Amino acid sequence: ASRIVYVDLDPVAVIHGEELLQSRPGVAVIRADVRGPDPIIQHAHVKRLIDWNKPAAILFVSVLHYLLDDDEVLRAVRAYCDVLAAGSYIAVSHMTFDGVPAKTAAQFEKVRSTTHNPNQVRTRAKILQFFDQVELVDPGLVFAPLWRPEGTDDLLLFQPETSMILVGVGRKP
(Lines give C-alpha, C1' and ligand atoms only; values in the text may rest on other atoms or scores of the structure.)
Protein backbone atom coordinates (compact mmCIF):
# COMPACT_ATOMS: atom_id res chain seq x y z
CA ALA A 1 0.00 0.00 0.00
CA SER A 2 3.04 2.26 0.16
CA ARG A 3 3.61 4.81 -2.56
CA ILE A 4 7.22 5.52 -3.41
CA VAL A 5 9.04 8.00 -5.62
CA TYR A 6 12.70 7.30 -6.21
CA VAL A 7 14.75 10.32 -7.32
CA ASP A 8 18.15 10.02 -8.96
CA LEU A 9 20.25 12.29 -11.13
CA ASP A 10 22.10 9.46 -12.87
CA PRO A 11 20.30 8.64 -16.15
CA VAL A 12 21.51 5.01 -16.10
CA ALA A 13 20.17 4.49 -12.58
CA VAL A 14 16.84 6.01 -13.61
CA ILE A 15 16.49 3.83 -16.72
CA HIS A 16 17.40 0.73 -14.73
CA GLY A 17 14.95 1.71 -11.97
CA GLU A 18 12.17 2.29 -14.49
CA GLU A 19 12.76 -1.15 -16.00
CA LEU A 20 12.72 -2.85 -12.61
CA LEU A 21 9.62 -1.02 -11.39
CA GLN A 22 7.52 -0.62 -14.54
CA SER A 23 4.83 -3.04 -13.35
CA ARG A 24 4.49 -1.42 -9.91
CA PRO A 25 1.62 1.11 -9.92
CA GLY A 26 2.55 2.68 -6.57
CA VAL A 27 6.16 3.37 -7.50
CA ALA A 28 7.77 5.93 -9.78
CA VAL A 29 11.33 6.79 -10.70
CA ILE A 30 12.20 10.31 -11.78
CA ARG A 31 15.41 11.89 -12.95
CA ALA A 32 16.01 15.04 -10.96
CA ASP A 33 18.54 16.80 -8.77
CA VAL A 34 17.55 16.72 -5.08
CA ARG A 35 19.10 20.17 -4.71
CA GLY A 36 16.07 21.51 -6.63
CA PRO A 37 13.09 20.60 -4.43
CA ASP A 38 10.36 22.51 -6.31
CA PRO A 39 10.54 20.58 -9.60
CA ILE A 40 10.50 17.32 -7.64
CA ILE A 41 7.63 18.33 -5.35
CA GLN A 42 5.63 19.51 -8.39
CA HIS A 43 6.54 16.55 -10.63
CA ALA A 44 3.52 14.74 -12.12
CA HIS A 45 4.58 11.36 -10.67
CA VAL A 46 5.03 12.88 -7.23
CA LYS A 47 1.66 14.61 -7.40
CA ARG A 48 0.05 11.32 -8.46
CA LEU A 49 1.59 9.30 -5.63
CA ILE A 50 2.25 11.64 -2.70
CA ASP A 51 -0.38 13.63 -0.83
CA TRP A 52 1.58 16.37 0.93
CA ASN A 53 -1.41 17.00 3.22
CA LYS A 54 -0.86 13.59 4.84
CA PRO A 55 2.15 12.29 6.74
CA ALA A 56 4.92 11.03 4.48
CA ALA A 57 8.58 10.14 4.78
CA ILE A 58 11.57 11.43 2.86
CA LEU A 59 14.68 9.27 2.97
CA PHE A 60 17.97 11.09 2.43
CA VAL A 61 19.97 7.87 2.49
CA SER A 62 23.52 7.99 1.13
CA VAL A 63 22.81 11.12 -0.90
CA LEU A 64 23.51 14.29 1.08
CA HIS A 65 27.25 13.67 1.31
CA TYR A 66 27.40 13.88 -2.49
CA LEU A 67 26.06 17.44 -2.34
CA LEU A 68 29.10 19.59 -1.73
CA ASP A 69 27.75 23.04 -0.89
CA ASP A 70 26.67 23.16 2.78
CA ASP A 71 24.25 26.07 2.35
CA GLU A 72 22.67 24.63 -0.79
CA VAL A 73 22.04 21.19 0.72
CA LEU A 74 20.66 22.68 3.94
CA ARG A 75 18.26 24.90 1.94
CA ALA A 76 17.08 21.86 -0.02
CA VAL A 77 16.44 19.71 3.06
CA ARG A 78 14.57 22.59 4.70
CA ALA A 79 12.42 23.05 1.59
CA TYR A 80 11.43 19.38 1.65
CA CYS A 81 10.63 19.64 5.37
CA ASP A 82 8.48 22.71 4.70
CA VAL A 83 6.17 20.73 2.41
CA LEU A 84 5.77 17.78 4.79
CA ALA A 85 2.61 17.49 6.87
CA ALA A 86 2.74 17.16 10.65
CA GLY A 87 3.58 13.60 11.65
CA SER A 88 5.91 13.13 8.66
CA TYR A 89 9.44 11.84 8.92
CA ILE A 90 12.83 12.46 7.39
CA ALA A 91 15.67 9.95 7.60
CA VAL A 92 19.28 10.93 7.01
CA SER A 93 22.46 8.92 6.70
CA HIS A 94 25.67 10.87 6.26
CA MET A 95 29.44 10.37 6.43
CA THR A 96 31.41 11.97 9.24
CA PHE A 97 34.89 11.90 10.72
CA ASP A 98 33.64 13.07 14.15
CA GLY A 99 34.44 10.34 16.66
CA VAL A 100 36.10 8.23 13.97
CA PRO A 101 39.59 6.86 14.70
CA ALA A 102 42.29 8.84 12.86
CA LYS A 103 43.55 5.67 11.13
CA THR A 104 40.07 4.94 9.74
CA ALA A 105 39.64 8.52 8.52
CA ALA A 106 43.07 8.45 6.85
CA GLN A 107 42.26 5.17 5.08
CA PHE A 108 38.99 6.61 3.84
CA GLU A 109 40.69 9.81 2.61
CA LYS A 110 43.12 7.68 0.62
CA VAL A 111 40.26 5.85 -1.11
CA ARG A 112 38.22 9.04 -1.50
CA SER A 113 41.06 10.73 -3.39
CA THR A 114 40.72 8.14 -6.16
CA THR A 115 36.96 8.37 -6.70
CA HIS A 116 35.23 10.19 -9.53
CA ASN A 117 32.29 11.00 -7.25
CA PRO A 118 33.22 13.97 -5.08
CA ASN A 119 31.72 13.89 -1.62
CA GLN A 120 31.57 16.02 1.47
CA VAL A 121 32.29 14.55 4.89
CA ARG A 122 30.44 16.75 7.40
CA THR A 123 30.71 17.25 11.13
CA ARG A 124 28.04 15.95 13.46
CA ALA A 125 27.01 19.57 14.11
CA LYS A 126 26.47 20.19 10.37
CA ILE A 127 24.49 16.96 10.01
CA LEU A 128 22.32 17.89 12.99
CA GLN A 129 21.25 21.03 11.09
CA PHE A 130 19.29 18.79 8.69
CA PHE A 131 16.99 18.05 11.64
CA ASP A 132 16.33 21.61 12.78
CA GLN A 133 12.70 21.52 11.57
CA VAL A 134 11.91 18.12 13.04
CA GLU A 135 12.27 16.33 16.37
CA LEU A 136 14.88 13.58 16.44
CA VAL A 137 13.48 10.14 17.23
CA ASP A 138 15.34 7.98 19.77
CA PRO A 139 18.16 7.11 19.76
CA GLY A 140 18.95 10.40 17.97
CA LEU A 141 21.83 10.96 15.58
CA VAL A 142 24.15 8.01 16.11
CA PHE A 143 26.58 5.79 14.22
CA ALA A 144 24.62 3.41 11.98
CA PRO A 145 25.22 0.22 14.01
CA LEU A 146 23.82 1.98 17.09
CA TRP A 147 20.53 2.98 15.47
CA ARG A 148 18.23 0.42 17.06
CA PRO A 149 20.48 -2.64 16.87
CA GLU A 150 18.59 -5.90 16.99
CA GLY A 151 20.93 -7.44 19.54
CA THR A 152 24.41 -7.48 20.96
CA ASP A 153 25.66 -9.35 17.89
CA ASP A 154 25.10 -6.19 15.84
CA LEU A 155 27.39 -4.28 18.17
CA LEU A 156 29.98 -7.06 18.29
CA LEU A 157 30.17 -7.30 14.50
CA PHE A 158 30.60 -3.59 13.89
CA GLN A 159 32.68 -0.98 15.60
CA PRO A 160 30.14 1.88 15.48
CA GLU A 161 32.70 4.62 14.86
CA THR A 162 34.35 2.71 12.01
CA SER A 163 31.06 2.78 10.11
CA MET A 164 31.71 6.54 9.61
CA ILE A 165 27.99 6.92 8.93
CA LEU A 166 25.73 8.86 11.23
CA VAL A 167 22.04 8.00 11.02
CA GLY A 168 19.01 9.83 12.34
CA VAL A 169 15.27 10.01 11.91
CA GLY A 170 13.24 13.11 12.66
CA ARG A 171 9.49 13.58 13.01
CA LYS A 172 7.77 16.81 12.05
CA PRO A 173 5.65 18.02 14.98
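The values are calculated or read from the model by the stated rules, or taken from the named source; none is laboratory data. If you're wondering where the values come from, they're calculated on a predicted model, not measured in any experiment. Heads up, the Cβs are rebuilt from the backbone with ideal geometry, glycines too, and the neighbour counts pull from every protein chain shown. The protein model used for the area step is the full one, side chains on, heavy atoms only, and it has no ligands, DNA or RNA in it. Shrake-Rupley method; radii C 1.70, N 1.55, O 1.52, S 1.80 Å.
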Check the straight Cα-Cα distances from Lys126 and name the lysines below 24 Å, setting aside those fewer than 8 residues away within the same chain. Lys103, Lys110, Lys172
So, in nm, how far is label Ala106 from label Glu72 when the simple model puts each one 7 Å beyond its Cα toward the Cβ? 3.3 nm
Please compute the per residue accessible area over the chain with all protein chains in place, 1.4 Å probe, rounded to a whole number of Å². 60 Å²
Please list, ordered by chain and number, the residues whose modelled amide H lies under 5 Å from the amide H of Val29; skip anything fewer than 5 residues away on the same chain. Tyr6
Computed ³J(HN,Hα) along the range 113-129: with the Karplus parameters 6.51/-1.76/1.60, θ = phi - 60°, integer Hz and x for glycine or proline, the list is 5, 9, 7, 9, 10, x, 9, 10, 7, 10, 6, 4, 4, 5, 5, 4, 4
Tally the DSSP beta bridges in the range 16-173 and give the antiparallel ones as a percent, rounded to 5. 75 percent
Suppose each label sits 7 Å from its Cα in the direction of the beta carbon; what would the Leu20-Asp51 distance come out to in nanometres? 2.9 nm
[x] 36; [y] 16; [z] 26: which one is percent of Cα pairs over 29 Å apart as calculated from this entry? [z]
Arg31 to Asp98: FRET efficiency via 1/(1 + (r/R0)^6), r the Cβ-Cβ distance, R0 25 Å, to the nearest 0.05? 0.15
Does anyone have the angle between helix 102-112 and the longest principal axis of the chain? Alpha-carbon axes, 0 to 90°, nearest 10? 50 degrees
Distant-in-sequence amide H partners of Ile58 (H built 1.01 Å from N, under 5 Å): Tyr89, Ile90, Ala91
Whole-percent carbon and sulfur contribution to the accessible surface of the chain (1.4 Å, no ligands, DNA or RNA) stands at 55 percent
If each DSSP helix of 4+ residues adds -39,500 (n - 2.57) and the sum is divided by the residues in the chain, what number results at 222 nm, nearest 500 deg cm²/dmol? -9000 deg cm²/dmol
Once phi for every residue in the range 68-83 is put through the Karplus expression 6.51 cos²θ - 1.76 cosθ + 1.60 (θ = phi - 60°), the whole-Hz ³J(HN,Hα) values, with Gly and Pro written as x, are 7, 7, 4, 5, 5, 5, 5, 4, 5, 4, 4, 5, 5, 4, 4, 7
